[in-house]
Structures are given as C-alpha cells and as structure tokens.
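The values are calculated or read from the model by the stated rules, or taken from the named source; none is laboratory data. Computed from a prediction, not measured in an experiment: that's the story for all the values here. Glycine gets a Cβ as well: all are built from the backbone with ideal geometry, and neighbour counts include every protein chain shown.
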Amino acid sequence: MDSAGLSWDLLGAFLAVMRTGSLSGASRTLGVAQPTVRRQIETLEEVLGTVLFTRSQTGLTATEAAKATLPYAESMASVAEALVRSVSAPSAGEHTRVFRSSCPPPTPTKTSCAVTPMLRSGWRNLRREPWWQNVWAP
C-alpha cells in the first residue's frame with residue numbers, strides 16, 4: 001500500500017457508497033457521474049491493495065475490508081468538517097464564542113483541551129482562552 005495515492009476524493013466516494021449502498025446513490029450525493037464514482041472506488045481499492053465491495057447485478061456489498069475502513073474514513077471526514085468550521089469566516093451576524101478556563105496548573109491544558117472539541121462540535125466559532133496564569137498565581 002502506498003498512502004501517497006490516497007486522496008480525499010477517493011475516501012469521499014467510498015463514504016458516499018457506504019452511506020447510500022450503491023454507485024448511483026453515491027453519484028447523486030456527490031453530484032458526479034456514476035462511472036466517476038466507480039473509477040474512484042477502483043482506484044481506492046488499488047491504493048489499499050484490497051477489494052472493498054463485491055459487485056453483483058443487485059448492487060454492491062461491503063467486504064470486511066470496507067467495514068474496517070469505514071471508521072477511519074468517517075474520522076477523517078469529521079476532522080475535515082471540524083477544520084472547515086474552525087477556519088471559515090463567521091457568517092454575517094454570527095459571533096465568536098469564548099471559552100475561558102480557570103483551573104490550577106497543569107489541569108487547564110488537560111481539561112480545556114479535552115473539553116474544547118466537545119464544545120466546538122456544537123459551536124462553530126469557539127476560541128479558548130485559558131486563565132490559569134493569573135487566577136492561580138501564588
């Protein structure tokens with residue numbers, strides 16, 4: 001396997017096929033032609049060195065390799081969505097929210113870093129400002 005050939009387009013096609021259960025459903029979801037999705041799946045199979053779907057007249061069936069690949073692809077999609085949310089400019093009328101932590105050192109780093117992704121999942125623009133420097137100074 002050569003991860004250099006792995007691209008987001010290939011994984012996006014894979015996710016769309018897994019979610020819709022068919023090449024035609026994936027092509028509608030992605031807004032591309034069905035042969036494009038088929039080529040992307042075939043390319044992904046070549047890159048991974050394994051068969052992801054068995055093909056029949058009734059459609060595609062995910063193999064064990066596809067089922068094992070799914071959580072990684074979903075995780076990558078989740079991270080990509082979080083990236084877009086975190087760096088995209090706020091829409092008109094949307095405000096940045098500030099999460100301030102005030103815990104004794106070294107707790108803020110552990111606690112607020114663990115909490116921030118959970119908060120971000122519901123809030124698009126969140127900025128973390130740790131307060132421990134002055135709050136807990138001896």
Taking ARG85, is it modelled with pLDDT of 95 or more and charged (D, E, K, R)? no
A careful count of residues in the stretch 20-70 that are outside any helix (DSSP H, G or I) and touching a residue at least 40 places away in the same chain (Cβ under 8 Å) gives 3
ALA92 - would you say it is among the aliphatic types (A, V, I, L, M) and modelled with pLDDT under 65? yes
Count of the stretch 36-71 residues which are over 17 Å from GLY21 (Cβ atoms), charged (D, E, K, R) and surrounded by 16 or more Cβ atoms within 10 Å (Cβ to Cβ): 1
